[in-house]
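Novice: The structure's right below; bear with me while I get my questions together.
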Ligand SMILES: [Zn+2]
């Protein structure tokens with residue numbers, strides 16, 4: 001990395017430490033030429049993830065939106081807010097680990113369903129019915145049957 005003062009290309013690291021969160025490394029550097037000192041930070045790169053909707057429009061992944069959807073599905077169930085937050089964290093984790101910058105809204109829906117399936121049956125069926133856009137009661141019953149057989 002070039003020296004910000006003189007533009008020289010070589011610096012030495014005087015000090016390197018991980019911050020209290022454990023997620024950032026801070027380095028004190030000194031330019032080999034002008035002896036100017038500066039600090040660099042090393043962090044994980046979590047770029048924005050874009051959600052591609054059915055009509056092809058893109059929008060920035062929104063954690064709140066996912067949480068709202070889950071809250072709605074979990075209404076009047078014993079699922080706690082903590083569990084819902086954790087479910088969203090799991091989804092975000094999965095997205096980040098995949099390294100994809102874009103994900104379809106259909107894929108997101110599947111991830112949410114995976115989480116709800118583990119949390120609460122009623123919430124799962126509720127979400128599934130909206131997500132899968134059931135028009136026939138038969139389809140709805142299919143999902144319920146699928147749930148029961150997985151036990
Ligand atoms: Zn310099």
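What follows is calculated from the coordinates using simple rules that are stated; it is not laboratory data. Predicted model only: the values in this text are computed from it and were never measured. Positions of Cβ are backbone-derived with ideal geometry, glycine not excepted, and every protein chain shown enters the neighbour counts.
Novice: Please quote Rg/Rh for the chain to two decimal places, taking the Kirkwood radius as Rh and restricting both calculations to Cα atoms.
Specialist: 1.23
Novice: Same structure, new question: Between helix 81-98 and the chain, what is the angle of the helix's C-alpha long axis to the longest principal axis, kept within 0 to 90° and rounded to the nearest 10?
Specialist: Tilt relative to the chain: about 60 degrees.
Novice: Please find the FRET efficiency linking residue 16 to residue 100, where r is the Cβ-Cβ separation and R0 is fixed at 30 Å, and quote it to the nearest 0.05.
Specialist: After rounding to 0.05, the efficiency reads 0.45.
Novice: Taking the chain as the reference, fit the longest principal axis to its C-alpha atoms, fit the long axis of helix 121-131 to the helix C-alpha atoms, and give the angle between the two in degrees, 0 to 90, nearest 10.
Specialist: Approximately 80 degrees, to the nearest ten.
Novice: Can you give the FRET efficiency to the nearest 0.05 for residue 59 and residue 26, using r as the Cβ-Cβ distance and R₀ = 41 Å?
Specialist: 0.75
Novice: Would you calculate a helix-derived [θ] at 222 nm for the chain, using -39,500 (n - 2.57) for each DSSP H run of n ≥ 4 and dividing by the full residue count, to the nearest 500?
Specialist: After summing the helix terms and dividing by the residues of the chain, the value is -14500 deg cm²/dmol.
Novice: With springs connecting C-alpha atoms under 10 Å apart, model the chain as a Gaussian network and identify which of 61, 127, 38 has the largest mean-square fluctuation.
Specialist: 38
Novice: How high is the relative contact order of the chain, in percent, counting Cα pairs under 8 Å that sit 6 or more residues apart?
Specialist: Rounded, it is 16 percent for the chain.
Novice: Choose one answer from 13, 106, 125: the residue with the largest mean-square fluctuation in a GNM of the chain with alpha-carbon springs under 10 Å.
Specialist: 13
Novice: Here's something else I'd like to know. Working from Cα positions, state the angle (0 to 90°, nearest 10) between the long axis of helix 63-74 and the longest principal axis of the chain.
Specialist: Roughly 20 degrees between the two axes.
Novice: How far apart, in nm, are the 7 Å Cα→Cβ label points at residue 90 and residue 72?
Specialist: For residue 90 paired with residue 72, the spin-label model returns 2.1 nm.
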